[in-house]
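S.K.: Submitted below is the structure of interest, expressed as structure tokens.
The values are calculated or read from the model by the stated rules, or taken from the named source; none is laboratory data. Only a predicted model underlies this, so the values are computations on that prediction, with no experimental measurement involved. As a convention, Cβ positions derive from the backbone with ideal geometry for all residues, glycine included, and neighbour counts pool all protein chains shown. Surface areas here come from the heavy atoms of the whole protein model, side chains and all, with no ligands, DNA or RNA. Shrake-Rupley method; radii C 1.70, N 1.55, O 1.52, S 1.80 Å.
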Amino acid sequence: MLHLMHDVPLWVTGLLLTVGAAVFSIGLMLATRIIYGVDRMRLNNEVAGFKFAVIGVFYAVMLAFVVIAVWEDFRKTEAAVRDEAKAVVDLHRISFALPVEGGAEIRKHLLDYANDVREYEWPTMAIGEPSDVVGKDLDQLSRAVFDVKPQSWQELALYQDSLRLLAVMTDNRNERLDSSDGSMPGILWFVLIVGGLITLGYPAFFGSTNLGAQILMTAALAQLVALGILLGLAFDYPFTGEVHISAFPFDQALRQMPPNWPPP
């Protein structure tokens, strides 16, 4: 799924899903009409209608659950990116109040970290992998923070806040890395796809004297199911494809990190 969303444009994926669903559903419906005849299929309408209502509601609830779950995870990951970028800016400002040598070292590694996240980690997260370069940057930044030796109570308080901000950065980076390769387990996608095939195949049990109307109704059902699955795919991989989380918070963070404080 991840490589599909990364390698294939979203509009192509959507076209394949919608056309494939329509061809499957309409083709199966036409095949049953040819094999069994319209008159025989019409005998199923009353009973099949009640059963189809149950199947439709069950699948709609399941599809809505998946779409809402991946959307919430998408928003949660987006918030983690913003919080990480804000922690970078806050730690950069606090570093000016720490001992001069330690503060300068922290700022150097913060700039490297923010730049490398944009340049290296966003492309690697698109394929569900972390960046080794950013991992080394974070290790060097952590070492620079740990090497600071506060000389006063004020520096000690600010140093404790620096440790908290470092933890915020680390936790939020782990949050976005965990979400980069999808949050939905494979078994859930399997059930969703199989349930979609069953739902799309059910119109084959109905027979209508108006063939054009039945084809249109079957096609409309196929499009709704396909578009729902497309939404789930697009939001399940928040750094992959055309619908992805932007690195703009880190662009803003870099603009708010001047070499001297206060800025001119």
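S.K.: Roll a 1.4 Å probe over the protein chains and send me the accessible area per residue for region 164-264 in Å². If you can, show how the numbers build up before the last one.
M.R.: Values: 4800 Å² over 101 residues.
Per residue, region 164-264 has an accessible area of 48 Å².
S.K.: Between [x] 91, 31, 29; [y] 54, 43, 35; [z] 60, 48, 40, which entry matches Cα extents along the principal axes in Å as derived from the coordinates of this structure?
M.R.: Computed from the coordinates, Cα extents along the principal axes in Å corresponds to [x].
S.K.: A follow-up question, please. Enumerate the calculated ³J(HN,Hα) couplings along region 95-104 in order (Karplus 6.51 cos²θ - 1.76 cosθ + 1.60, θ = phi - 60°), each rounded to whole Hz, writing x wherever the residue is Gly or Pro.
M.R.: Values, residue by residue: 4, 6, 9, 8, x, 4, 5, x, x, 5 Hz.
S.K.: What angle, in degrees between 0 and 90 and rounded to the nearest 10, separates the Cα long axis of helix 45-94 from the longest principal axis of the Cα atoms of the chain?
M.R.: Relative to the chain, helix 45-94 is tipped by roughly 10 degrees.
S.K.: If each residue of separation counts as 0.36 nm, what is the full-extension length gain between ILE34 and ASP132 once their alpha-carbon separation is subtracted?
M.R.: 29.3 nm
S.K.: Next question. Count the lysine pairs in the chain whose Cα atoms lie under 24 Å apart, taking only pairs 8 or more positions apart in sequence or on different chains. Don't skip to the end; give the middle numbers.
M.R.: Numbers: LYS76/LYS86; LYS86/LYS108; LYS86/LYS136; LYS108/LYS136; LYS108/LYS149; LYS136/LYS149.
Final tally of qualifying lysine pairs is 6.
S.K.: FRET efficiency for ARG255 and LEU15, Cβ-Cβ distance as r, R0 = 41 Å, nearest 0.05? Walk me through the numbers before you get to the answer.
M.R.: Values: r = 39 Å, r/R0 = 0.95.
Efficiency computed from Cβ-Cβ geometry: 0.55.
S.K.: Quick one: length gained pulling ALA97 to GLN151 fully straight, 0.36 nm per residue minus the C-alpha distance?
M.R.: Numbers: separation 54, 0.36 × 54 = 19.44 nm, distance 1.12 nm.
Full-extension gain reported as 18.3 nm.
S.K.: Can you pull the percent of region 182-233's accessible area that's carbon plus sulfur, 1.4 Å probe, other chains left in place?
M.R.: Working: 2020 of 2380 Å².
Carbon-and-sulfur percentage of accessible area, whole number: 85.
S.K.: Mind pulling the angle between the C-alpha long axis of helix 186-201 and the longest principal axis of the chain? Nearest 10 degrees, somewhere in 0 to 90.
M.R.: In the chain, helix 186-201 runs at an angle near 30 degrees to the longest axis.
S.K.: Okay, moving on. Rounded to the nearest 500, what is the chain's calculated 222 nm mean residue ellipticity when only DSSP H runs of at least 4 contribute -39500 (n - 2.57) each, over all residues? Walk me through the numbers before you get to the answer.
M.R.: Values: 11 runs with 202 residues, N = 264.
Value at 222 nm, helices only: -26000 deg cm²/dmol.
S.K.: Give the separation of the Cα centroids, region 163-202 to region 62-83, in Å.
M.R.: 9 Å
S.K.: Okay, moving on. Percent relative contact order of region 157-264, based on C-alpha pairs within less than 8 angstrom and at least six residues apart? Working shown, then result.
M.R.: Working: 28 pairs, mean separation 32.4, N = 108.
So the answer I get is 30 percent.
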